[in-house]
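The values are calculated or read from the model by the stated rules, or taken from the named source; none is laboratory data. Nothing here was measured: the structure is a model prediction, and the numbers come from that model. Please note: Cβ atoms are built from the backbone with ideal geometry, for glycine as well, and neighbour counts cover all protein chains shown. Note: accessible area is taken over every heavy atom of the protein model, side chains too, but ligands, DNA and RNA are not part of it. Shrake-Rupley method; radii C 1.70, N 1.55, O 1.52, S 1.80 Å.
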Amino acid sequence: MPADLTPPTETLTPRPGVAERLSRMIQLPTVSAELDSRGAQPFEDFVTLLAELYPVVHERLELERVTEFGLLFRWAGAAASAQPVVLMAHYDVVPVDESDAWTHPPFEGRVEDGWVYGRGALDDKGPLLVVLEAVENLLLAGFTPARDVYLSFGGNEETYGAAAQEVATTLRERGIVPWLVLDEGGAVVDAPLPFALGSAAMVGVGEKGVVTLQLSARGDGGHASAPPRITAVGRIARAIDRLDAGTFAARTPAAITRMLSLFANKARGRDQTVLRTLATFPALTARIFAAMGGEPAALVRTTVAATMQQGGTAANVLPSQASATINLRIALGETAAGTVRRVRRRIHDPLVEISVVESSDPSPESPTDNAQFGLISAAVKASYPDAATVPFVCMAATDSRHFHRFAPAVYRFAPLEMSNAQRASIHGVDERVEIASLEKGELFHRALIQRLQ
Ligand SMILES: [Zn+2]
């Protein structure tokens, strides 16, 4: 830290009531997938609530509505010509399965024993809240950032909506290329991989692409007592069977090699030797991770998951048609088009029709040896002193992918602690965040904004 910068912890006392503010956000059921049944009112109420909870932000920053569900705040920095920072989050949440047993009702926003419970606590209202908390606190302290800071909040991330995309397009059309974009994706976690112990701030430097395909086949129908050699159902089953784990080659992204060498620095003894070896030989790492399956395999190659299937009308009738849906997550460095070509070759059956339901290319990979990654590391040091800042590749899509097409430094990290159980609660049951972590998250953003140059 430069000598002229007072540690941010000493410059101000954050406003009390952070848990209650998150609770109020959770109480608004901004479920984007249920927009048709619930209507847009919860989303409008959320926008109104933000104005109530963050009065100084709303007084001092320009707010622009981009599409019905995009909020873009601009905080003017000292140097008008400098490239801005974009801090992103989304305020919509995924639905709750009514049959799931939540300890507290998912939209109650219960605050209990140092925790805030409810849908959106981690994904992504908690991360949105800590951005606003930091900005409000800095404004109250009379702080002006060195460069413009944009806050971009979307209301349809979970439904792949257009809000964030339109925000990205709007900035691009104005000739604004962000210096840094920070969105959800990574978190502060314990033991991020089976062999890597200790606390780590996992920062996503890229995200995998996605393609969803429908495979369909037709048959002649008829009575099941005299079947042909293969039925439509059998043809689809065979096609899926051919898309086994070896369909796509494994390759280690640069970020993963960097991640392994950082973990090696922290490890001791045999673990250290193993991690050093993996960091030195990316091709070997790709083979080993692929063989491990699960998350390690997903880091190094395109994955294939058969997710839905249907066909046939009765137990004793040959199916006249059958189909299946497969969801592929495309490795960095590959393309959606190339992925579809590979699937077609692998299935090797002209009678299986393949149609693309949706597709999105993987993002580029942001560097880890630049000032932006250094800034994120410094803000992690200020808020989570024990955590190492480690790059990785996000498996899931985030809104930041719209920026990554034209901005070179896009990172995916929400400065909140997430245990394995908490990570499982995202899109699941008993989603919750610790109040202490919200306080550290606020400090992270404050430190980041204060250190801008
Ligand atoms: Zn999210």
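Here are the numbers for the structure shown:
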item: Among (1) open to solvent by 10 Å² or more (accessible area, probe 1.4 Å); (2) out of contact with any strand residue (DSSP E or B) (no Cβ under 7 Å at 6 or more places or on another chain); (3) within 16 Å of the ligand (Cβ to nearest atom), the one test that residue 95 misses; result: (2)
item: Subset of region 21-64 that is among the basic types (Lys, Arg) and touching a residue at least 12 places away in the same chain (Cβ under 8 Å) - its residue that is least open to solvent (accessible area, probe 1.4 Å); result: 21
item: Condition check for residue 412: open to solvent by less than 10 Å² (accessible area, probe 1.4 Å) and either basic (Lys, Arg) or at pLDDT below 95 (or both); result: yes
item: Check on residue 322, touching a helix residue (DSSP H, G or I) at 6+ places or on another chain (Cβ under 9 Å) and farther than 19 Å from residue 362 by Cα; result: yes
item: Filter result for the condition that a residue is among the hydrophobic types (A, V, I, L, M, F, W, C) and on the phi < 0 side of the Ramachandran plot, over 226, 191; result: 226
item: Criterion violated by residue 383 - all others in (1) within 16 Å of the ligand (Cβ to nearest atom); (2) of a type in the set (Ser, Thr, Tyr); (3) farther than 21 Å from residue 72 by Cβ satisfied; result: (1)
item: Tally, over region 307-319, of residues that are surrounded by fewer than 17 Cβ atoms within 10 Å (Cβ to Cβ) and in contact with a helix residue (DSSP H, G or I) (Cβ under 8 Å, 6 or more places away or on another chain); result: 1
item: Enumeration of residues in region 65-85 that are hydrophobic (A, V, I, L, M, F, W, C), away from the ligand (no atom under 16 Å from the Cβ) and either open to solvent by less than 20 Å² (accessible area, probe 1.4 Å) or in contact with a Lys or Arg (Cβ under 7 Å, 6 or more places away or on another chain) (or both); result: 66, 72, 73, 75, 79, 82, 85
item: Residue ID - farthest from the ligand (Cβ to nearest atom), chosen from residues in region 389-424 that are assigned to a helix (DSSP H, G or I) and of a type in the set (S, T, N, Q); result: 420
item: Condition met for residue 142 (part of a loop (DSSP other than H, G, I, E, B) and open to solvent by 20 Å² or more (accessible area, probe 1.4 Å)); result: yes
item: Test set (1) open to solvent by less than 10 Å² (accessible area, probe 1.4 Å); (2) within 16 Å of the ligand (Cβ to nearest atom) - residue 427 fails condition number; result: (1)
item: Index of the failed condition, residue 195 passing every other in (1) of a type in the set (Phe, Trp, Tyr); (2) at pLDDT 95 or above; (3) surrounded by fewer than 21 Cβ atoms within 10 Å (Cβ to Cβ); result: (2)
item: So residue 149, is it within 16 Å of the ligand (Cβ to nearest atom) and over 17 Å from the mean Cα position of the chain (by Cα); result: no
item: Strands (runs of 3 or more DSSP E) within region 147-263 that include 1 or more residues polar (S, T, N, Q); result: 149-154, 199-207, 209-218
item: Only listed residue being among the charged types (D, E, K, R), within 27 Å of residue 424 (Cα to Cα) and either within 16 Å of the ligand (Cβ to nearest atom) or open to solvent by 50 Å² or more (accessible area, probe 1.4 Å) (or both), chosen from 258, 229; result: 258
item: Selection within region 425-445 - in a helix (DSSP H, G or I), within 10 Å of residue 121 (Cβ to Cβ) and in contact with a helix residue (DSSP H, G or I) (Cβ under 6 Å, 6 or more places away or on another chain); result: 438
item: Residue among 379, 396 that alone is open to solvent by less than 60 Å² (accessible area, probe 1.4 Å), within 21 Å of residue 297 (Cα to Cα) and not charged (D, E, K, R); result: 396
item: Test: residue 358 is crowded, with 21+ Cβ neighbours inside 10 Å, on the phi < 0 side of the Ramachandran plot and not β-branched (Val, Ile, Thr); result: no
item: All positions within region 34-84 that are of a type in the set (A, V, I, L, M, F, W, C) and touching a Phe, Trp or Tyr at 6+ places or on another chain (Cβ under 6 Å); result: 46, 61, 63, 71
item: Of residues in region 159-178 being surrounded by fewer than 21 Cβ atoms within 10 Å (Cβ to Cβ) and under 21 Å from the mean Cα position of the chain (by Cα), the one modelled with the lowest pLDDT; result: 160
item: Region 113-126 - residue that is open to solvent by 10 Å² or more (accessible area, probe 1.4 Å) and over 14 Å from residue 155 (Cα atoms) and, of those, farthest from the ligand (Cβ to nearest atom); result: 113
